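Input: a single structure, listed below in structure tokens.
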Amino acid sequence: MDEYVIDVLQLQLTQKDFFIRLLVATGIGFLLGLEREHSALRQKQEAFAGMRTFVLVVLLGFVGAMMHYLFSPWSFLAVFMAVVIFIATSYWITSSRGDIGGTTEFSALLAFLLGALTFLGYIEMSLMITVIIMVLLSSKVKLQTIIGEITGEEMYALIRFVVLALLILPFLPDQEMGPFGVLNPREIGWIVVLTSGLGFLGYLSVKFLGADRGILLTGIVGGLVSSTMVTWIFAKKSKKVPSLSADCATAILAASSIMIIRVLVWVFLFNQDLTPSLYIPMGIIFLSGMGPTLFFHFKQPYKGDVGESIPTGKPLNMQSAIVFGAIYTLIILMVSYTNEYFGQKGIYITSAIAGLTDINAITISVSKLAGNTLSLLTAQNAIVLATISNTIIKIGISLWAGSRELRKLVAIGYGLVFIAAILAFLIMNI
């Protein structure tokens with residue numbers, strides 16, 4: 001049994017734990033100092049603190065927390081104030097020379113606190129915070145580039161989203177009401193907020209990633225927005241330029257594969273009990289879509305610039321989000337009605353019909369009802385059926401609007417997805 005190096009009323013620490021925490025604290029200081037020193041060298045500036053200084057600051061936090069228990073609670077405060085005074089003095093000197101940035105100084109303060117957290121045993125927390133700090137510090141140029149490209153309309157959209165999420169949503173009634181007792185204004189508002197937020201995220205993804213990063217990435221980003229829209233855009237493109245049919249098929253199948261991930265995210269957000277049972281069936285469908293996607297991408301004889309991008313639309317399309325909320329309300333009422341009067345068959349028919357237009361609304365609806373008025377198996381089947389019907393629609397779009405070569409490729413890719421979806425449906429019902 002290890003001996004205690006610290007054995008007081010409020011804390012017992014063995015030699016092994018002490019050395020592990022000391023090494024982690026030293027590593028945190030080394031990483032933060034390395035980044036700051038590298039950044040200063042790259043910008044040809046004199047660094048306020050480098051590797052050695054940051055290691056010492058973290059160790060001061062570590063020792064200060066230890067002194068809190070060994071001597072007096074005031075010891076930590078005294079050490080902390082000494083570090084603050086040192087950093088403030090350094091900032092005053094550098095700012096008087098014209099350098100008014102305080103990133104390194106605030107990083108040093110955080111480093112001190114991370115040392116204290118590490119001593120207290122919050123190692124995972126300390127490491128997570130360190131990773132966040134490292135990402136922020138090393139992304140200065142990229143963040144400045146992104147901020148420089150943000151338009152006034154996009155900034156206004158962000159403000160509207162914050163107002164909606166923080167000032168309107170919390171005051172909506174949080175109680176079940178309406179027919180079948182399935183309508184909750186707070187939940188409907190949450191769905192509108194979440195939908196508009198994901199739409200905003202999709203807008204930013206399209207803007208900052210874009211089609212010029214490659215056809216596969218274009219399809220993946222497009223799938224975050226709308227796989228049906230991607231199918232329509234690239235099917236028409238293949239008819240205009242038949243030689244790019246393989247590229248267009250790659251984008252279409254990539255978007256449809258990402259749609260499966262989007263469905264799982266919706267289910268996880270609204271009913272975590274339903275999510276594990278969908279991993280295998282939805283995983284089968286996802287792999288059946290990504291297989292031909294990657295095959296067409298890496299094995300096609302000709303790779304060209306498709307020259308097609310996903311329409312970004314408005315940064316924050318509140319009208320579409322509200323319409324989606326209305327569709328969700330209608331579908332959840334339909335599902336409740338068909339379950340009440342027609343049982344499982346009615347739900348399956350509703351899911352198949354709803355999946356022809358939008359898979360998100362039916363996914364959220366049955367996820368909300370699963371485990372209450374719907375059995376988990378019925379909800380699983382409904383989601384897979386909606387996926388099948390949505391796949392049928394995209395097959396139809398590809399066959400109608402695409403080139404002959406695209407029809408052949410999509411028939412292979414979507415055919416595998418369709419077969420996999422049927423197989424997943426059968427596996428769930430064995």
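The values are calculated or read from the model by the stated rules, or taken from the named source; none is laboratory data. This structure is a prediction, so every number in the text was calculated from the model and none was measured. Positions of Cβ are generated from backbone atoms using ideal geometry, with glycine treated the same way; all protein chains shown enter the neighbour counts. Areas reflect the complete protein model, heavy atoms only, side chains present, ligands, DNA and RNA absent. Shrake-Rupley method; radii C 1.70, N 1.55, O 1.52, S 1.80 Å.
Odds and ends about this structure:
- Only one of Leu224, Leu274 that is open to solvent by 10 Å² or more (accessible area, probe 1.4 Å) and not acidic (Asp, Glu): Leu224
- Count - residues of region 208-238 that are at pLDDT below 70 and assigned to a helix (DSSP H, G or I): 4
- When we screen Pro315, Pro311 for residues that are at pLDDT below 80 and surrounded by 15 or more Cβ atoms within 10 Å (Cβ to Cβ), the only hit is Pro315.
- Counting only helices (runs of 4 or more DSSP H) that fall entirely inside region 333-430 and contain at least 1 residues that are open to solvent by 80 Å² or more (accessible area, probe 1.4 Å), the qualifying elements are 343-355, 376-401, 404-428.
- Filtering region 161-185 to residues that are loosely packed, with under 15 Cβ neighbours inside 10 Å and part of a helix (DSSP H, G or I) leaves Val162, Val163, Leu166, Leu167, Ile168, Pro170, Phe171, Pro179, Gly181.
- If the condition is being of a type in the set (S, T, N, Q) and open to solvent by 20 Å² or more (accessible area, probe 1.4 Å), then region 91-123 contributes Thr94, Ser95, Ser96, Thr103, Thr104.
- Applying a threshold of 7 Å to beta carbon distances and a minimum spacing of six or more residues, or different chains, the list of pairs starting in region 388-410 at a residue that is closer than 20 Å to Asp358 by Cα and free of Cβ contacts under 8 Å to residues at least 24 places away in the same chain and ending at one that is of a type outside the set (Lys, Arg) and surrounded by 19 or more Cβ atoms within 10 Å (Cβ to Cβ) reads Ile395/Val410; Ile395/Tyr414.
- Selection within region 395-430 - within 19 Å of Gly291 (Cα to Cα) and charged (D, E, K, R): Glu405, Arg407, Lys408
- Selection within region 1-52 - among the β-branched types (Val, Ile, Thr), open to solvent by less than 60 Å² (accessible area, probe 1.4 Å) and modelled with pLDDT under 75: Ile6, Val8
- Taken over region 274-306, the residue count meeting the criterion of being modelled with pLDDT under 90 and outside any helix (DSSP H, G or I) is 7.
- Checking Ile159 against (1) more than 22 Å from the chain's Cα centre (by Cα); (2) modelled with pLDDT of 80 or more, the condition it does not meet: (1)
- Conditions (1) over 19 Å from Arg21 (Cα atoms); (2) open to solvent by 60 Å² or more (accessible area, probe 1.4 Å); (3) of a type in the set (Asp, Glu); number of the one not met by Glu154: (2)
- Residue count, region 313-332 (criterion: part of a helix (DSSP H, G or I), in contact (Cβ under 8 Å) with a residue 40 or more places away in the chain and not hydroxyl-bearing (Ser, Thr, Tyr)): 6
- Ile261 without any contact (Cβ under 8 Å) to a residue 40 or more places away in the chain, within 22 Å of Asn381 (Cα to Cα) and β-branched (Val, Ile, Thr): yes
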